[in-house]
Amino acid sequence: MKKMAALLLVIILLLSACGSEEKNAGGNAENSQPQAQPDVSSEVPATEAETSTEEPSDAVSVQNLHDESALKAYFYNLYKVMAAPDNMQDEAFVIDQLSFYYADVNGDGEEDVICYSESPTSSFTEIAVVTIKDGEYATLPNDIEPVFVYEQSFSKEGDFLIRKVRGGGTGVSDTSNIIYYAAEGMVVNTGTSLTLEGYTSIPPMPSAPNGVSESYKGEIFDMSYKVGTDDDQWLMFQYDYTETDDMNETVIYSKSETYTFEPSTHQYDVQVNEESGKAGTQGAAPLSENVYVLGNLRAGQTLSGFDVTEAYDNVGSDAFVGLANGSVVIEGDLWYDQEMWDEFLFTADDPVIDYPIRFDIDGQIFDIDRPGYASFQTNIEEYLTAEQIDYVKNQGQSAKIKLTVTSFNIDIAYASEGGEGIAFSSFEWLDDMGEDERDQPLSNSEAAESINGDKLTGLHNETFYTTAQGEFVVNYPDYRLVIVPMFDTINEDSVKTQTVDFEGDYLNTLKFTVFGKLEDVTILNIEGMDDTGTPEYLGDVANAQVIVNANLPNDMATVKVTGKFYDGEGTYLDVSFNLDNMRSLEEYQIIVME
């Protein structure tokens, strides 16, 4: 035990000597020494098409999670669009506000880091969970949605990630725990947010002649011993909540609930033990002449299947209503505001709540029951193909989509400013993008005849968004060879399909599309760090989409594709790239050869 304590002391002193300000939960001592970093912002389109045919070997990380300078550059590269609009922050500010929380975030046995701002309202809301993949930074899939709050922090507790947030506005404050299941290689929102403390303090106004002064308190008691463990309270706990009228010093609402985690759904079964209180403080939001009057709304009420998380009206200033934990399927228009906000917006066709919420701002009445010009709290671009992004953002078109809306925020300031925000759990693209008006795609034989020449012809040009390349426009006639890894392409009908099947218990479907001719192609299924790989030789691949069913049993498993490209001038260039199930789509690069 004394040796262990001494070792820990040495590690702490080493980290202190490096000037680290990291928060660490479960850090890896082997990764704590900075190593030489590549310039992640200087990558070029042909990065993965280098003239190298080195066989895979034991990887040595060229980037490490404890090099904050490299992490900051990587994070800013992911979200550099933030610096473009005049109303957003510049690169130096974003990097200065970046904080790090270290832990085995998704429970796969490897150290990760959450990159985030501790004060999103004064900086940015983007969050990235970063790990090391093949010696490079990569983001982990997760359900951690951006939230607009004053403060936030993270802690890994057992198999759960606890996100503590403090939000509110003038006269309103709420501090809550948001609970994520963070194990088995996943980070999943359990759908549970528990208020720890808060208050509402509103001066007298027409809708509340005596004003409002209420405080809220929640307490959590460990009951995990009842499910056979005593080291992870989030498996089973009791939650006691009280709401107090501070003006009269009386408890106006209270409840006691037991939360039991259900592994099959990654959510909690909630049993109400006791509940008492006054309707209208908790319970259903009150209606008045078929509208929900803002002054009558309180945090904790239910409204059309949503939970009211915040509701306040600062007379002559601003007003806000936050609705969460709902599920309403709705259709509407997706469009892009180029003039003011420089972001995707949503206009709903129909209401998301049964009756409108009435805002009275300086005598002007606003009755709102649906998103009119709503920004997305869920990252919409993760659900869009490169073609769809180009259609809406660059071509200026609106598109029909279907969403399952889970939250809806309305913010009105000075009767003109403010805005709306929505989050969603499912997305469906409904628009045909003028498909009937387009030229029909070439047949496979026609495409083969037209693109076997010196340059690629007979294809529709298209735009892809990648982290390294940004909005990368592929003008096919400029190239002899284009390789599109993992992305969908609008030219799929112009190529044939080949399938490669490997054996194993952890099969994942990957793909890449070759426009032109890639010769001497070999696909190598590498099942881990020490695996030399199982090869499949394809020979020449021309004008084809290759579907690879690969065995990927762990985070280090990958598919390596190698081939040769003839440049038309007597030289063969080596081409090599990897496919896996860990990277997000935008982390791949489009490979082009002139």
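The values are calculated or read from the model by the stated rules, or taken from the named source; none is laboratory data. The structure displayed is predicted, hence computed values, not measured ones. Glycine also receives a Cβ, built like all others from the backbone with ideal geometry; neighbour counts cover every protein chain displayed. In case anyone asks, the SASA skips ligands and DNA or RNA and just uses the protein heavy atoms, side chains included. Shrake-Rupley method; radii C 1.70, N 1.55, O 1.52, S 1.80 Å.
Are there any pairs with C-beta distances below 7 angstrom linking a residue in the stretch 241-261 that is among the basic types (Lys, Arg) to a residue that is at pLDDT 85 or above and open to solvent by 40 Å² or more (accessible area, probe 1.4 Å), with the two at least 6 apart or on different chains, and if so which?
255/272; 255/274
Only one of these is over 29 Å from the mean Cα position of the chain (by Cα) and either modelled with pLDDT of 90 or more or under 30 Å from residue 581 (Cβ atoms) (or both): 197, 219. Name it.
Matching residue, one of 197, 219: 219.
Could we say that residue 224 is over 29 Å from the mean Cα position of the chain (by Cα), open to solvent by less than 40 Å² (accessible area, probe 1.4 Å) and within 24 Å of residue 187 (Cβ to Cβ) here?
Judged against the criteria, residue 224 is a match.
Before we move on, is residue 387 in a helix (DSSP H, G or I), farther than 25 Å from residue 301 by Cβ and either open to solvent by 20 Å² or more (accessible area, probe 1.4 Å) or among the hydrophobic types (A, V, I, L, M, F, W, C) (or both)?
yes
Could you please let me know if residue 504 is assigned to a strand (DSSP E or B) and not polar (S, T, N, Q)?
Against the criterion (assigned to a strand (DSSP E or B) and not polar (S, T, N, Q)), residue 504 does not qualify.
Please count how many residues of the stretch 533-568 are open to solvent by 50 Å² or more (accessible area, probe 1.4 Å) and under 16 Å from residue 516 (Cα atoms).
Residues meeting the conditions: 3.
Pull up the stretch 338-373, narrow it to residues that are exposed (fewer than 13 other Cβ atoms within 10 Å of the Cβ) and outside any loop (DSSP other than H, G, I, E, B), then point me to the one that is modelled with the highest pLDDT.
367
Just checking, how many residues over the stretch 127-155 are in a strand (DSSP E or B) and open to solvent by less than 50 Å² (accessible area, probe 1.4 Å)?
Adding up the residues that qualify gives 13.
With 442, 459 as the choices, which residue is open to solvent by 50 Å² or more (accessible area, probe 1.4 Å), at pLDDT below 85, over 28 Å from residue 78 (Cβ atoms) and touching a helix residue (DSSP H, G or I) at 6+ places or on another chain (Cβ under 8 Å)?
After applying the criteria, what remains is 442.
With the condition kept exactly as written, say whether any residue in the stretch 98-117 is surrounded by fewer than 18 Cβ atoms within 10 Å (Cβ to Cβ), out of contact with any Leu (no Cβ under 9 Å at 6 or more places or on another chain) and at pLDDT 95 or above.
The answer is no; no qualifying residue exists.
How many residues are closer than 19 Å to residue 266 by Cα and of a type in the set (Phe, Trp, Tyr) when one looks only at the stretch 217-246?
Within the stretch 217-246, residues that are closer than 19 Å to residue 266 by Cα and of a type in the set (Phe, Trp, Tyr) number 3.
Can we say residue 509 is under 30 Å from residue 131 (Cβ atoms), at pLDDT 90 or above and surrounded by fewer than 18 Cβ atoms within 10 Å (Cβ to Cβ)?
Yes: the conditions hold for residue 509.
Please work out if residue 175 is more than 26 Å from residue 66 (Cβ to Cβ), at pLDDT 90 or above and open to solvent by less than 20 Å² (accessible area, probe 1.4 Å).
yes
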